[in-house]
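Enquirer: Quick one: structure below, then a few questions.
The values are calculated or read from the model by the stated rules, or taken from the named source; none is laboratory data. Note that the structure is predicted; figures quoted are calculated from it, not measured. Here Cβ is always computed from backbone atoms with ideal geometry, including for glycine, and neighbour counts include all displayed protein chains. With ligands, DNA and RNA removed, areas are computed over all heavy atoms of the protein, side chains included. Shrake-Rupley method; radii C 1.70, N 1.55, O 1.52, S 1.80 Å.
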Amino acid sequence: MSTEDTLLYLDGVSVSFDGFRALNRLSLVIEPGEMRAIIGPNGAGKTTMMDVITGKTRPDTGTILFEGRTDLTSLREPAIANLGIGRKFQRPTVFEMHTVWDNLELSLKAPRRPLKTLTYSATREDRARIEEILDITRLSPRRDRPAGSLSHGEKQWLEIGMLLAQDPKLLLVDEPVAGMTDAETEQTAHLLKDIAGKHSVIVVEHDMVFVRELGVKVTVLHEGSVLAEGSLDTVSANKQVIDVYLGR
Amino acid sequence: MLTRFFLMGLDKKAGVLLTVLAVLAVAVPVMALGTAPDSPWHLSTHTVALLGKYLCFALLALSLDLVWGFVGILSLGHAAFFTLGGYAMGMYLMRQIGSRGMYGNADLPDFMVFLNWTELPWYWHGFDQFWFAAIMVMLVPGLLAFAFGWFAFRSRVTGVYLSIITQALTFALMLAFFRNDMGFGGNNGLTDFKEILGFDIQAASTRVGLFVATVAALAVGYILASAVVASKLGKVLIAVRDAESRVRFLGYETDRYKLFAWTLSACMAGVAGALYVPQVGIINPSEFSPASSIEAVIWVAVGGRGTLAGPVLGAVLVNFGKSYFTAALPELWLFALGGLFVLVTLFLPKGILGLAAQLRDRLPARATVSAKPADQKGV
Amino acid sequence: MHRAFCWLLAAFLALAAPASFAADLAPLVRGLGAGSYAETEKAIAGLAETGDPAVVPVIEALQAGDLHVRKADGAVVVAKRAGNGYALTDPLTGAALGEADRNAVEKIRINNALRRTISATLGALTLMSPDANTRRQAAEAVFKSRDANALDALNTALAKETDARVRRAMTQARASVLLAGDAPDADKIAAVEVLQERGDQDARALLNGAANTGSDAVKDAAKKAIASVEQRLALWGAAQNLWYGLSLGSVLLLAAIGLAVTFGVMGVINMAHGEMVMIGAYATFLVQEAFRQWAPGLFDFSILVALPVAFLVSGAVGVAIERSVIRWLYGRPLETLLATWGLSLALQQAVRSIFGPTNREVGAPSWMSGAFELGGLTITYGRLWIVVFAFLVFGALLVALRKTWFGLSIRAVTQNRSMANAMGIRTARVDALTFGLGSGIAGLAGVALSQIDNVSPNLGQGYIIDSFMVVVFGGVGNLWGTLVGALALGGVNKFLEPYAGAVLGKILVLIFIILFIQRRPRGLFALKGRAVEA
């Protein structure tokens, strides 16, 4: 397989903070349309990996290519987002003072330059798309409420809805079911699986039930590099993985 | 298209405010010029100038609120933009004095003759034309804000750090303008103006004209700010205020949004300063002092930041209080002002208008939202 | 020629037996009033010949224009104005001679030629003075005047001189005279060497003259010497700047170090910090007043007593501010900034209402006044003590934060408030005391600043922006950063001053910091990593 066919290509990426190596020659490949689950103990570098991909943190060494050609290491966050990489944070971050509708409108794929937004007014298609996402995320009744007044689960869903509105090629989803009830967890898994058809998704999660629910290829991170890769059953049987993560 | 853009931001509060301004624009000229001096309805030129001054401060407060209330940038240096606009207007007024100065030099202002300068410095050229000065009133503060903001926002200086360097900026300007070599009149600044656009600057009718111009500028500034805030750009700005990094991950270059609001705000402050100078008759470097910038911040806080009508109300109220106190109980003014800072931050985080809104709709759900102040994200 | 001969004679006689001529002074003095300039000059020469130190006051009086002739008897007298007339005294003995009407005396007039003779005579006479200091000053005077007439006197004096310092001064004076006159090249080159060794501004001025006028050999020697002198001057100039920089830096350090605690450790923006300094200065004033009133003899110790008083007073005000205002605003730095600004206004007005708006007099104890010279440096004791004090306070704070239980609690609360709370640290108390500590240190700064600045209600205002600059520049949360920041900004400021002037220098420093913050938003010694963003 050549690099050009990959959606995301990480090779030998290292990051250290004051001597602490958060990522240690991490290499990872995501193909178009693929959904990947990333698991690993605390401090394995999961969040740092997302930071590096989305431009929040600059790697000390290593290559990160998007669609086999665009070097992400030299770009800033907005540029990377506009390439088609969306991110959902561990702690749900929505714009609390804005209504649910406005949150989605801000995320909607549209010109991002200040003067364009100054004169922007939503077209019929834009409205239809927002309605659609409200339906998918079951937030229609809440559309005019400030996002700050939503419950924790609703905020998680709104953020996923915002990702949908962005229509990225690659979604990075950090612990989407943290703090959710079992029923919500199951719904979220379905939602993500739906999305995965059209987009590539990287999910970071601790919840093994949820990962099993997703039923996709799993990468285990440990101390900033890949420890094992394969189906959940394969990695669960891996002795090293059991030692550092699952066994305890 | 343009009309729709300007009208879309106007709400009920805007209606009230614009009506008040319209009434002022009619009533003040009538009361100042159309009544006999001994009539109880008569307004002296002094009062007209005082009211005009309040409204200039209101425009400054409005511009400050645009960046503090809606983008979360607490500027402790907005007086710099105000004063630069004032100096640009002051330079025009100085050139209008012509040979009527003490030394009777047609080209050089008195202070330059006094310093034995023989020709006008290059940066004074063009200021004999009103149109040129009018452009500079917005261009100079705008350019300074653009340059400053471009560097500051790009390198992600935020929160108190940004506040402190804006303070350093205005402090540096103050020191610079105190120097005689700068060619802006040093300590004394620019004063002894004679006329503006050919009208005697002391005349009652000119004062009324300046007042009406200030009312108009405030109204235009208010409508413009409302339109900006109500647009999608305004929503991005609020989003930047509440969760800037999230906005970046949505693909918005937040630096450019902040720069837009920051520069626009500086231009508005410049206009406020330009209208202020002919009405008070002097501009000097002490206007640059960090204290005056911080005083402007309290006007916004008192009225209610994040609401456009609040700062206008706050500026007028606080300055009315200042005029009253400094005349009646000068010893107590700083206690009152200091106390105001403490009380507003402790008990009125959303200002008078925010308090009013809270009292009006005490829905439990709404209360949880408004309990989260905008800049809780910390340093 | 004639005069030179006279001088030679005078010097010679002066060496021989000056005292024996004392009795004959009176007629010589009378000769001063003879009439023409030429006669006066002759009389001066006659007096100089005696070499008697008693002549000095007479010639000084002549120089000052106090010497008059009494018309009645032609006696030469010193006449000083008293009421409408003159009080007369004898120029030699100083005995009072009664009063005289203005018209009864006539001033002995002198012209420029005479003035030169007079000063040269005085120079030669004082070169022989029994007092070493007077001799040295005389030599310095000759060095400055470069009077060729003094050369012979100088040579004679030099031969007799035993005091090493005076000898050096005389040698330099001789070199100065030789270089200015028309001595042989060998002498001039030797003189150049002497001046090169002296190596100050005056020496450079003399050498510059020689480099332009002398023969080629002298010119070359002078040019080399100038280069060497300039190097030396630059070195001392740099050292002086370094000292000024260190001095300013230590003042900045004192003002900023308390802020480093409240802002750096607690994350609280205290705009009233300057007022804590001001309160410390006023506490010093009050302590000194108490000493003046009840124990004036112990005044030298008042500063030492003021230190703990200022620390406690400012610290107590700080604790009160923290408990009443700041504790409600944790996590809202911009609000804290505004509230503390309000407090600073109120505190200023309070002090203005109590003590009045004018400066208050704070005296310096004797051990802090005066100055000493160190090579080409002039160092005042006051500044020296402030430098020492600033470093002591810094060291003490460092130890307090690192080694004490209180310091440990502060660091624990800073790093993880809820965990510290769970472990039984009373976080509210630690907050209050930390803020009190920062304010107390500001009070200590106030004691030091009362020595070099005006104690007025606005004292603090002058330091608040600079202190913030130091803390931000050095890196928040890092005491060493504050130290480096203060010294660096102090140094840069003082190095810029000679080129740009004080105000422009300050503006440049501010612009530099603004640009620096753009490059490194978290200062010189920033914490890195994820912890910062949390």
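Enquirer: Tally the residues that are at the interface with chain A (Cβ under 7 Å from one of its Cβ atoms), basic (K, R) and either under 27 Å from the mean Cα position of the chain (by Cα) or farther than 18 Å from A:P168 by Cα (or both), restricting the search to segment B:226-252.
Expert: Total satisfying the criteria: 2.
Enquirer: Now for a different question. Look at segment C:72-94 and say how many of its residues are touching a residue at least 40 places away in the same chain (Cβ under 8 Å) and part of a loop (DSSP other than H, G, I, E, B).
Expert: 4
Enquirer: Name the pairs whose Cβ atoms lie under 7 Å apart, with the first residue in segment C:325-341 and more than 7 Å from chain B (Cβ to nearest Cβ) and open to solvent by less than 10 Å² (accessible area, probe 1.4 Å), the second hydrophobic (A, V, I, L, M, F, W, C) and in a helix (DSSP H, G or I), and 6 or more positions between them or separate chains?
Expert: Between residues of segment C:325-341 that are more than 7 Å from chain B (Cβ to nearest Cβ) and open to solvent by less than 10 Å² (accessible area, probe 1.4 Å) and residues that are hydrophobic (A, V, I, L, M, F, W, C) and in a helix (DSSP H, G or I), the close pairs are C:I326/C:F435; C:T336/C:I326; C:T336/C:L329.
Listed here are the residues, each with its yes/no results for (1) assigned to a helix (DSSP H, G or I); (2) of a type in the set (A, V, I, L, M, F, W, C); (3) more than 19 Å from the chain's Cα centre (by Cα); (4) within 14 Å of chain B (Cβ to nearest Cβ).
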residue	(1), (2), (3), (4)
C:Q231	yes, no, yes, no
C:A239	yes, yes, no, no
C:L242	yes, yes, no, no
C:G245	yes, no, no, no
C:G249	yes, no, no, no
C:L254	yes, yes, yes, no
C:I257	yes, yes, yes, no
C:T262	yes, no, yes, yes
C:G267	no, no, yes, yes
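Enquirer: Considering only segment A:129-173, state which residues are assigned to a helix (DSSP H, G or I) and over 17 Å from A:L106 (Cβ atoms). Give the derivation first.
Expert: Restricting attention to segment A:129-173, the residues satisfying the condition of being assigned to a helix (DSSP H, G or I) are A:129-136, A:140-142, A:147-149, A:152-166.
Answer for segment A:129-173, where residues must be assigned to a helix (DSSP H, G or I) and over 17 Å from A:L106 (Cβ atoms): A:D135, A:I136, A:S140, A:P141, A:S149, A:H152, A:G153, A:E154, A:Q156.
Enquirer: Any residue that is open to solvent by less than 10 Å² (accessible area, probe 1.4 Å), out of contact with any Cys (no Cβ under 7 Å at 6 or more places or on another chain) and under 22 Å from B:A296 (Cα atoms) - is there at least one of those in segment B:9-18? Outline the logic, then answer.
Expert: We begin by selecting, within segment B:9-18, every residue open to solvent by less than 10 Å² (accessible area, probe 1.4 Å); these are B:14.
Now drop any that are not out of contact with any Cys (no Cβ under 7 Å at 6 or more places or on another chain), which leaves B:14.
Retained after the next criterion (residues that are under 22 Å from B:A296 (Cα atoms)): B:14.
Yes.
Enquirer: Can you work out which of the residues in segment B:264-308 that are within 14 Å of chain A (Cβ to nearest Cβ) and over 13 Å from the mean Cα position of the chain (by Cα) is farthest from B:A230 (Cα to Cα)?
Expert: Ranking the qualifying residues of segment B:264-308, first place goes to B:R305.
Enquirer: List pairs: first in segment B:306-318 and touching a residue at least 12 places away in the same chain (Cβ under 8 Å), second polar (S, T, N, Q), Cβ under 7 Å, 6+ apart or cross-chain?
Expert: The qualifying pairs are B:L308/B:S226.
Enquirer: If a residue must be touching a residue at least 40 places away in the same chain (Cβ under 8 Å), out of contact with any Leu (no Cβ under 8 Å at 6 or more places or on another chain), open to solvent by 10 Å² or more (accessible area, probe 1.4 Å) and polar (S, T, N, Q), how many such residues does segment B:242-293 contain?
Expert: So the answer is 4.
Enquirer: State which residue pairs qualify: first residue closer than 22 Å to B:V271 by Cα and at the interface with chain C (Cβ under 10 Å from one of its Cβ atoms) and inside segment B:140-167, second residue crowded, with 19+ Cβ neighbours inside 10 Å and at pLDDT below 85 in any location, beta carbons under 8 Å apart, and separation of 6 or more residues or different chains.
Expert: Short answer, once both residue conditions are applied: B:F148/C:I514.
Enquirer: What is the one condition in (1) crowded, with 23+ Cβ neighbours inside 10 Å; (2) more than 14 Å from every other protein chain (Cβ to nearest Cβ); (3) at pLDDT 90 or above that C:V399 does not satisfy?
Expert: With respect to (1) crowded, with 23+ Cβ neighbours inside 10 Å; (2) more than 14 Å from every other protein chain (Cβ to nearest Cβ); (3) at pLDDT 90 or above, C:V399 is out only on (1).
Enquirer: Out of all the residues in segment C:368-390, which are open to solvent by 30 Å² or more (accessible area, probe 1.4 Å) and either at pLDDT below 85 or out of contact with any helix residue (DSSP H, G or I) (no Cβ under 7 Å at 6 or more places or on another chain) (or both)? Write out each step before concluding.
Expert: So in segment C:368-390, the residues open to solvent by 30 Å² or more (accessible area, probe 1.4 Å) come out as C:369-376, C:378, C:380-381, C:383-385, C:388-389.
Matches in segment C:368-390: C:S369, C:G370, C:A371, C:F372, C:E373, C:L374, C:G375, C:G376, C:T378, C:T380, C:L384, C:V388.
Enquirer: Continuing with this model, one more query. If we keep just the residues of segment A:108-162 that are open to solvent by 40 Å² or more (accessible area, probe 1.4 Å), touching a strand residue (DSSP E or B) at 6+ places or on another chain (Cβ under 9 Å) and within 14 Å of chain B (Cβ to nearest Cβ), which is farthest from B:L259 (Cα to Cα)?
Expert: Here the answer is A:R142.
Enquirer: Restricting attention to segment C:15-46, report how many residues are part of a helix (DSSP H, G or I) and at pLDDT below 50.
Expert: Of all residues in segment C:15-46, those part of a helix (DSSP H, G or I) come to C:15-16, C:18-32, C:37-46.
Adding the requirement that they be at pLDDT below 50 leaves C:15-16, C:18-22.
Final tally of qualifying residues: 7.
Enquirer: Go through (1) in a helix (DSSP H, G or I); (2) within 17 Å of C:V56 (Cβ to Cβ); (3) open to solvent by 50 Å² or more (accessible area, probe 1.4 Å) one by one and return the number of the condition C:P130 breaks.
Expert: For C:P130, the failing item is (1).
Enquirer: Same structure, new question: Between a first residue in segment A:169-188 that is under 19 Å from A:A81 (Cα atoms) and a second residue that is of a type outside the set (A, V, I, L, M, F, W, C) and surrounded by fewer than 16 Cβ atoms within 10 Å (Cβ to Cβ), which pairs have beta carbons less than 7 Å apart while being 6 or more apart in sequence or on different chains?
Expert: A:D174/A:Q90
Enquirer: Also: Across segment C:47-71, what is the number of residues that are assigned to a helix (DSSP H, G or I) and open to solvent by 40 Å² or more (accessible area, probe 1.4 Å)? So that I can check it myself, show each step before the final result.
Expert: Pass one, segment C:47-71, residues assigned to a helix (DSSP H, G or I): C:47-50, C:55-64.
Subset that is open to solvent by 40 Å² or more (accessible area, probe 1.4 Å): C:49, C:57, C:60, C:63-64.
Total meeting the criteria: 5.
Enquirer: On to the next question. May I ask you to list the residues in segment C:267-298 that are open to solvent by 20 Å² or more (accessible area, probe 1.4 Å) and touching a Gly at 6+ places or on another chain (Cβ under 7 Å)?
Expert: C:I279
Enquirer: Could you tell me whether any residue of segment C:309-319 is modelled with pLDDT of 90 or more, more than 8 Å from chain B (Cβ to nearest Cβ) and farther than 14 Å from C:G280 by Cβ? Steps first, answer last, please.
Expert: Of all residues in segment C:309-319, those modelled with pLDDT of 90 or more come to C:309-319.
Now narrow it down to the ones that are more than 8 Å from chain B (Cβ to nearest Cβ): C:309-319.
Retained after the next criterion (residues that are farther than 14 Å from C:G280 by Cβ): C:319.
Checked segment C:309-319: at least one residue is modelled with pLDDT of 90 or more, more than 8 Å from chain B (Cβ to nearest Cβ) and farther than 14 Å from C:G280 by Cβ.
Enquirer: Would you tally the residues in segment B:329-341 being within 7 Å of another protein chain (Cβ to nearest Cβ), open to solvent by 20 Å² or more (accessible area, probe 1.4 Å), touching a Gly at 6+ places or on another chain (Cβ under 9 Å) and aliphatic (A, V, I, L, M)?
Expert: Going through segment B:329-341, the residues within 7 Å of another protein chain (Cβ to nearest Cβ) turn out to be B:331, B:334-335, B:337-341.
Next cut, open to solvent by 20 Å² or more (accessible area, probe 1.4 Å) only: B:331, B:334-335, B:339-340.
Remaining after also requiring touching a Gly at 6+ places or on another chain (Cβ under 9 Å): B:339-340.
Add one more test, that the residue is aliphatic (A, V, I, L, M), and what stays is B:340.
Total meeting the criteria: 1.
Enquirer: Something else: Scan segment B:101-113 and tell me whether some residue there is in a helix (DSSP H, G or I), away from chain C (no Cβ under 14 Å) and within 13 Å of the chain's Cα centre (by Cα). Can you show your working first?
Expert: From segment B:101-113, those in a helix (DSSP H, G or I) are B:110-113; that's our starting set.
From the residues that got through so far, the ones that are away from chain C (no Cβ under 14 Å) too are B:110-113.
Still in the running and within 13 Å of the chain's Cα centre (by Cα): none.
Within segment B:101-113, not a single residue is in a helix (DSSP H, G or I), away from chain C (no Cβ under 14 Å) and within 13 Å of the chain's Cα centre (by Cα).
Enquirer: Kindly indicate whether any position in segment C:433-448 is in the same structural domain as C:L253 (by TED's automatic domain parsing) and open to solvent by 40 Å² or more (accessible area, probe 1.4 Å).
Expert: Checking segment C:433-448: at least one residue is in the same structural domain as C:L253 (by TED's automatic domain parsing) and open to solvent by 40 Å² or more (accessible area, probe 1.4 Å).
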